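Working notes, beginning with the structure itself.
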Amino acid sequence: MNWREAFLRQARSENSVRNRLNDPQIEYSHRLHYLQMDTEKLAKGYRAPPNDYDHSPQVHTGFVRFLQTLKGNISIRGILRYGPGPGFNLFIDSLLDLATKIEQLAPSAAGLTKPNPEYPLRDIGTGEIRAPVDYDFPGFSPRELSMIRMEALIRQLLPIQN
Amino acid sequence: MAKDDVEKQAKYLAAENKKNDPDIGKVYWFPDETEVRLVEVHSNVPVSPDGEIEPFYFRSDPIHDLPVPSGIALIRPEEVRRVRLPAKWGNWDLAKEIG
């Protein structure tokens with residue numbers, strides 16, 4: 001297995017775990033944690049050249065840039081059943097704000113004051129220390145259209161054998 | 001694969017990408033005989049971490065007239081000739097502007 005295959009295999013597995021966490025008894029932060037990790041692995045997989053066994057991709061953030069790169073990708077546009085019109089680009093554009101927010105969920109990007117789904121933080125507004133499992137994560141509701149679209153895109157991208 | 005064929009695909013991809021994303025300005029091609037290597041200048045992408053680009057790589061797709069694999073990186077205008085390229089891509093002096 002090369003780096004590309006390994007990252008994409010991990011992304012598929014993390015997505016599978018994430019789906020199993022889709023249970024109202026389980027705190028939502030855990031699904032977001034897996035969403036952040038899953039999208040990071042997906043982007044990293046495509047950063048690894050096919051058949052490269054030597055160099056593991058090092059950049060941790062890259063999901064936004066990955067989606068932006070997809071806009072001109074004829075192959076993936078076709079796999080996702082979009083025609084040559086602007087539909088695919090509009091679809092990707094509609095997800096970039098959410099993709100940015102997902103990238104910023106990584107503890108290394110969130111820092112000590114922005115919410116992340118993995119480590120406790122001090123709420124800037126109240127000064128209270130909170131665990132991610134108790135945080136609401138507004139803007140990431142599974143019922144929001146952008147989240148539904150993002151789920152659909154990830155579900156379609158992960159099975160692609162690259 | 002002949003270098004001319006790789007160049008043909010590079011120009012095709014550059015044109016397609018510019019057509020599909022109006023935020024793409026210049027496109028630089030780094031010639032190679034085995035894969036298309038493109039750096040596309042984009043006015044609305046995050047800064048390259050660590051001053052180094054890591055392209056995204058895509059397999060060949062002959063059905064869509066893409067007979068060789070491709071590596072594509074998006075960078076900001078101020079990063080042209082400043083960010084480091086992947087070692088196998090050589091240096092900025094090899095860049096050919098194709099779009």
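Some points to look at:
- Residues in segment A:58-84 that are facing chain B (nearest Cβ under 10 Å), surrounded by fewer than 21 Cβ atoms within 10 Å (Cβ to Cβ) and not hydrophobic (A, V, I, L, M, F, W, C): A:58, A:60, A:61, A:75, A:78, A:84.
- Residue count for segment A:78-103, restricted to those that are over 13 Å from residue B:20 (Cβ atoms) and in contact (Cβ under 8 Å) with a residue 12 or more places away in the chain: 12
- Segment B:68-82, subset in a loop (DSSP other than H, G, I, E, B) and within 12 Å of chain A (Cβ to nearest Cβ), residue nearest to residue A:46 (Cα to Cα): B:69
- The conditions of being in contact with a helix residue (DSSP H, G or I) (Cβ under 8 Å, 6 or more places away or on another chain), at pLDDT 95 or above and surrounded by fewer than 15 Cβ atoms within 10 Å (Cβ to Cβ) are met by residue B:81.
- Residue ranges of helices (runs of 4 or more DSSP H) in segment A:65-111 with at least 2 members within 15 Å of residue A:154 (Cα to Cα): A:74-79, A:87-93, A:96-103
- Residues in segment A:110-162 that are surrounded by 11 or more Cβ atoms within 10 Å (Cβ to Cβ) and polar (S, T, N, Q) were compared, and the one that is nearest to residue A:43 (Cα to Cα) is A:162.
- Cβ separations smaller than 7 Å between residues 6+ apart or across chains give the following pairs from segment B:40-52 residues that are free of Cβ contacts under 8 Å to residues at least 24 places away in the same chain to residues that are acidic (Asp, Glu) and part of a loop (DSSP other than H, G, I, E, B): B:44/B:23.
- Selection status of residue A:132, without any contact (Cβ under 8 Å) to a residue 40 or more places away in the chain, of a type outside the set (S, T, N, Q) and either more than 14 Å from chain B (Cβ to nearest Cβ) or touching a Cys at 6+ places or on another chain (Cβ under 8 Å) (or both): no
- Yes/no for residue A:43 being at the interface with chain B (Cβ under 9 Å from one of its Cβ atoms) and of a type outside the set (Phe, Trp, Tyr): yes
The values are calculated or read from the model by the stated rules, or taken from the named source; none is laboratory data. Note that the structure is a prediction, hence the values are computed from the model and not measured. Counting neighbours? That spans all protein chains shown, and the Cβs are built from the backbone with ideal geometry, glycine included.
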